[in-house]
Amino acid sequence: MKIVSIIGARPQIIKAAALSRAIRQYFSDELTEIIIHTGQHYDSNMSDIFFDELQIPKPHYNLQVGSDSHARQTAQMMLKIEEVLCVENPDFVVVYGDTNSTLAAAITASKLHIPIAHIEAGLRSFNKTMPEEINRILCDHCSTLLFTPTKKGLENLLKEGFSKENNKPFTADNPGIFLCGDVMYDNNLYYREKAIEKSKILNALKLENEPFVLCTIHRAENTDNAKRLTTLFETILEIAQQQKIVVPLHPRTNKLLDIKLEKTLLQHLTNNKNIILTEPVSFFDMLALEHNAQLIMTDSGGVQKEAYFFKKPSLILRNETEWTEIIDAGTAQIVDTNKEKIVAIWKFFSAHPPSNFPSIFGDGAAAQFICKTILSNKH
Ligand code: UD1
Ligand code: UDP
């Protein structure tokens, strides 16, 4: 059976490592994977670095679409994906998450009547101003196999009319939905020891034996809005009065800091010895930072979950989250860009770190389940 996996943004490359690994370990006789990289992320520290570190096979196709407006970027991807799918003619197209690469791949495959397997189906923020919310809803509704990582994801799909009772063979009109755990958790279990052992980031940033906060910010709603971006970085400055804070900067954020922040604030940030603004770091370095951080502040979906995997409290710099189970568990709080709230909860979690992290994200074998299910749906 032949599948084409379509990836493009940093978290998708990382997630794809889990599936490629499962194929290599258990299904190489039955399943051939062709990888298309749309080129949505292209800096070496947003793309190549992960292929090397996580031993993901080099993409068979790099469409080199790059950055553009949503419509232009998605349209370029669709044009080029269509050409490749017509040549490869796979049994399934596999897509991850909710980026423009996911959407472009899903629409293109569905128009060619190629069945789609959507990994990370069912997640909802219930905020349609978020580009990702549109991408994931549209993708789910043209998929044949929907793999949801959490119970909440399954519930969301059931509310939208998907049924658990459908029988094989699954099609886009008779889709199969599966609660299978999270491929990011598979990766976390597989790489955590190795990453902690290999990474030299703590030494490089002089963070050994130093309590620190880890912070990532990249969501459009935070970076494109001067007021929100300013409040977030003023809050970082306030936390830095008492504790070191490490901020690996997404290229989007890095570019917008110069444009959106007042010069004096920017100077205060860059001159503050407790604030470490870095380039994006490798996956192993990120795992080492997460493992050693006292607390994590983030607007990233993936980093919220990794905080949970490492049993760290997290502050979610958004107005809502798709991963509501970690809020229910009491280990994360939604703080939006409210400075007083962020500082108060940072202090609370520092004094009272949560200790109960019930199992939410499966058993670490989600990718294996996904491969088996795809194979069992061969027509
Ligand atoms: C995208 C996804 C988002 C995901 C994030 C993961 C969409 C709509 N958004 O957001 O869901 O959480 O990836 O990181 O698909 N840039 C570079 N170098 C790169 C990549 C990007 O400089 O290698 C800069 C460009 O200025 C670009 C900007 O970052 O315009 C935004 O990149 P884009 O891929 O459009 O969106 P992300 O914010 O990365
Ligand atoms: N990540 C990384 N280096 C960084 C920041 C993040 O390797 O400098 C990893 C992180 O560990 C997680 C993934 O990237 O696995 C999350 O991606 P991102 O925050 O870009 O997107 P999101 O998950 O919000 O879609």
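The values are calculated or read from the model by the stated rules, or taken from the named source; none is laboratory data. Everything numeric in this text was worked out from a predicted model, so none of it was measured. Here the Cβ is made from the backbone with ideal geometry for all residues, glycine too, and neighbour counts use every protein chain on show. Quick note on the areas: whole protein, heavy atoms, side chains included, nothing else; ligands and nucleic acids left out. Shrake-Rupley method; radii C 1.70, N 1.55, O 1.52, S 1.80 Å.
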- Task: Name the single residue, out of those in the range 38-74 being open to solvent by 50 Å² or more (accessible area, probe 1.4 Å), assigned to a helix (DSSP H, G or I) and free of Cβ contacts under 8 Å to residues at least 60 places away in the same chain, that is nearest to LEU138 (Cα to Cα).
- Result: ALA71
- Message: Looking at the range 288-313, I want the residues that are within 13 Å of ligand 1 (Cβ to nearest atom) and have a partner that is part of a helix (DSSP H, G or I) with Cβ atoms under 7 Å, at least 6 apart or on another chain. Which pairs are those?
- Response: THR298/GLN304; ASP299/ASN222; GLY302/PRO11; GLY302/MET184; GLN304/ILE326; LYS305/MET184
- Identify all residues within the range 292-305 that are open to solvent by 10 Å² or more (accessible area, probe 1.4 Å) and within 11 Å of ligand 2 (Cβ to nearest atom); write none if there are none. SER300, GLY301, GLY302, VAL303
- Message: Would you confirm whether or not the range 15-34 contains a residue that is in contact with an Asp or Glu (Cβ under 8 Å, 6 or more places away or on another chain) and surrounded by fewer than 17 Cβ atoms within 10 Å (Cβ to Cβ)?
- Response: no
- Task: Select the helices (runs of 4 or more DSSP H) contained entirely in the range 193-261, then report the ones holding at least 3 residues which are away from ligand 1 (no atom under 11 Å from the Cβ) and open to solvent by less than 10 Å² (accessible area, probe 1.4 Å).
- Result: 226-239
- Query: Consider ASN254 against the criteria (1) over 24 Å from PRO353 (Cα atoms); (2) away from ligand 2 (no atom under 16 Å from the Cβ); (3) free of Cβ contacts under 8 Å to residues at least 60 places away in the same chain: it satisfies all of them except one. Which criterion is unmet?
  - Reply: (2)
- For the range 1-32, name all the residues that are free of Cβ contacts under 8 Å to residues at least 40 places away in the same chain and outside any helix (DSSP H, G or I). SER28, ASP29, THR32
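Would you check if GLY181 is more than 16 Å from ligand 1 (Cβ to nearest atom), at positive phi and touching a Phe, Trp or Tyr at 6+ places or on another chain (Cβ under 8 Å)?
Details: more than 16 Å from ligand 1 (Cβ to nearest atom): yes; at positive phi: yes; touching a Phe, Trp or Tyr at 6+ places or on another chain (Cβ under 8 Å): yes.
So GLY181 fits the description; yes.
Residues in the range 319-332: is at least one part of a helix (DSSP H, G or I) and within 16 Å of ligand 1 (Cβ to nearest atom)?
Here is the first cut: in the range 319-332, the residues part of a helix (DSSP H, G or I) are 324-328.
Pick out the ones that are also within 16 Å of ligand 1 (Cβ to nearest atom) and you get none.
The answer is no, given that none of the residues of the range 319-332 is part of a helix (DSSP H, G or I) and within 16 Å of ligand 1 (Cβ to nearest atom).
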- Query: If you go through the range 212-231, how many residues are more than 20 Å from the chain's Cα centre (by Cα) and over 20 Å from LYS273 (Cα atoms)?
  - Reply: 5
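Yes/no matrix, rows are residues, columns are (1) crowded, with 18+ Cβ neighbours inside 10 Å; (2) under 30 Å from ILE116 (Cα atoms); (3) among the aliphatic types (A, V, I, L, M):
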| position | (1), (2), (3) |
| --- | --- |
| PHE284 | yes, no, no |
| LEU287 | yes, no, yes |
| PHE309 | yes, yes, no |
| ASN319 | no, no, no |
| THR337 | yes, no, no |
- Task: Please list, ordered by first then second residue, the pairs with beta carbon atoms under 6 Å, 6 or more apart or interchain, first in the range 137-165 and under 27 Å from GLU306 (Cα atoms) and of a type in the set (S, T, N, Q), second assigned to a strand (DSSP E or B) and open to solvent by 70 Å² or more (accessible area, probe 1.4 Å).
- Result: THR148/LEU179
